[in-house]
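The values are calculated or read from the model by the stated rules, or taken from the named source; none is laboratory data. A quick note: this is a predicted structure, and the numbers were derived from the prediction, not measured. No Cβ is skipped: glycine too gets one built from the backbone with ideal geometry, and neighbour counts run over all protein chains shown.
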Amino acid sequence: MNSSISKIYEEGKVITPIENQLSFHTDEVDLHLFETKMRTFGFELEFDEMSLLTMLSGKKVMHFGGEHSFEFLPEESLVLDRHKAMQIDFPDAENQNPTRCMALIISPEEIKDTLMMLNENAPKLDDSLWAMDLSSIKFENDFILSRNIERIILLANSNTQYRDTLSKLTTKELIINLLQSNARNLLLKKTQSFSNVNQLAFAIDYIRRNHHKALTIDEIADKAFMSKSTFHRHFKREIGMTPNEFILIEKIKKAKFLLENTKNSIADIAYSLAFASPSQFIKHFKTLTGFTPLKYKKGLSSEN
């Protein structure tokens, strides 16, 4: 968790029997930072408007009536519809290991305006409308979403004279990030079933099936029957990252699998995934994971 956000928790809070809470308000959002320092089960909560929940540290178990339950972990988020009731367990929370999360209540008008702007000015490739997924299914934060969540927390807590203006811009960007995450998660989960009817799903499936090749944007766009510029524009718009960024992420995912499940050398893995050299592979792996491949593998050994 960002050290500046940790400092916000430490500088003051409203004490309640179960949760400590800090709240900040702008015209676009109400932001609540929750901290739980004792094991608690069945804590009931709901919000009056659509909300984004993001885990910062610790673990929760989320229950939604008879619908479904799941563990909620750091760097994961969840979008909830208004008045969506939930019951929350804090199985590991204690004084020295608090569970911390953020709830961001976003103005319905801001969501409506952003959706209208996107549907008018940035239509999807398949002409379906941009819409917020309120299915209460968690998803992993990507780098851009994590960065904007941190920015809006720090902005809400700031005293800068430009706070409200910057908050409005950051909130709009955050909503777009969420919409892109929704679209990306749907395509990533249902890639094969969509690949015959959605050109981006076909491209994603092609990238995944060819992680051993040095893929080019020209090649993928050609396979998806799109021009290079159209493919690049729609991929970035709907997936939230460039095709090259996605290709690299998929290669690193495969590398992690190979490190976890084979005895292949770092060099063998690098060349099997079409990196130009082991040093290039190591550089990209560390950028995306924070570890070198060797340290990552040693960490797996120590866990076992």
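Looking at the stretch 18-59 only, could you name the residues that are touching a Cys at 6+ places or on another chain (Cβ under 7 Å) and either more than 28 Å from Leu166 (Cβ to Cβ) or among the hydrophobic types (A, V, I, L, M, F, W, C) (or both)? Quick ask: steps written out before the conclusion?
Taking the stretch 18-59 first, the residues touching a Cys at 6+ places or on another chain (Cβ under 7 Å) are 34, 53-56.
Listed by number, the residues that qualify are Phe34, Leu53, Met55, Leu56.
For (1) touching a Leu at 6+ places or on another chain (Cβ under 8 Å); (2) modelled with pLDDT under 95; (3) closer than 30 Å to Gln199 by Cβ; (4) not assigned by TED's automatic domain parsing to the domain that holds Gln180, each residue gets a yes or a no:
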| site | (1), (2), (3), (4) |
| --- | --- |
| Arg237 | no, yes, yes, yes |
| Met241 | no, yes, yes, yes |
| Glu245 | no, yes, yes, yes |
| Lys253 | no, yes, yes, yes |
| Ala270 | no, no, no, yes |
| Lys286 | no, yes, no, yes |
| Phe291 | no, yes, no, yes |
| Leu294 | no, yes, no, yes |
| Lys298 | no, yes, no, yes |
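Mind checking which residues of the stretch 69-104 are hydrophobic (A, V, I, L, M, F, W, C) and either in contact (Cβ under 8 Å) with a residue 60 or more places away in the chain or surrounded by fewer than 15 Cβ atoms within 10 Å (Cβ to Cβ) (or both)?
Correct list: Phe70, Phe72, Leu73, Leu78, Val79, Ala85, Cys101, Met102, Ala103, Leu104.
Report yes if Leu169 is within 24 Å of His68 (Cβ to Cβ), outside any loop (DSSP other than H, G, I, E, B) and not β-branched (Val, Ile, Thr), otherwise no. Break it down stepwise before answering.
Numbers: within 24 Å of His68 (Cβ to Cβ): no; outside any loop (DSSP other than H, G, I, E, B): yes; not β-branched (Val, Ile, Thr): yes.
In short, no.
Residues are listed down the side, and each one gets a yes or a no for (1) modelled with pLDDT under 80; (2) in a loop (DSSP other than H, G, I, E, B); (3) surrounded by fewer than 20 Cβ atoms within 10 Å (Cβ to Cβ); (4) within 21 Å of the chain's Cα centre (by Cα):
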{"site": "Leu174", "(1), (2), (3), (4)": "no, no, no, yes"}
{"site": "Gln180", "(1), (2), (3), (4)": "no, no, no, yes"}
{"site": "Leu188", "(1), (2), (3), (4)": "yes, no, yes, yes"}
{"site": "Val197", "(1), (2), (3), (4)": "yes, yes, yes, no"}
{"site": "Ala201", "(1), (2), (3), (4)": "no, no, no, yes"}
{"site": "Tyr206", "(1), (2), (3), (4)": "no, no, yes, no"}
{"site": "His212", "(1), (2), (3), (4)": "no, yes, yes, no"}
{"site": "Glu219", "(1), (2), (3), (4)": "no, no, yes, no"}
{"site": "Asp222", "(1), (2), (3), (4)": "no, no, yes, no"}
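Can you find a residue that is farther than 22 Å from Arg147 by Cβ and at pLDDT below 90 anywhere in the stretch 52-66? Write out each step before concluding.
Let us first name the residues in the stretch 52-66 that are farther than 22 Å from Arg147 by Cβ, namely 59-66.
Now drop any that are not at pLDDT below 90, which leaves 65-66.
For the stretch 52-66, residues farther than 22 Å from Arg147 by Cβ and at pLDDT below 90: present.
Could you list, in sequence order, all residues of the stretch 25-42 that are among the aromatic types (Phe, Trp, Tyr) and surrounded by fewer than 19 Cβ atoms within 10 Å (Cβ to Cβ)? First the steps, then the outcome.
Going residue by residue through the stretch 25-42, those that are among the aromatic types (Phe, Trp, Tyr) are 34, 41.
Within the stretch 25-42, just Phe41 meets the criteria.
Quick check on my filter: what residues within the stretch 231-240 are of a type outside the set (Phe, Trp, Tyr) and crowded, with 17+ Cβ neighbours inside 10 Å?
Of everything in the stretch 231-240, those that are of a type outside the set (Phe, Trp, Tyr) and crowded, with 17+ Cβ neighbours inside 10 Å turn out to be His232, His234, Arg237, Glu238, Ile239, Gly240.
Testing Asn196 on (1) assigned by TED's automatic domain parsing to the domain that holds Leu78; (2) on the phi < 0 side of the Ramachandran plot, one condition comes back false. Which one is that?
Failing condition for Asn196: (1).
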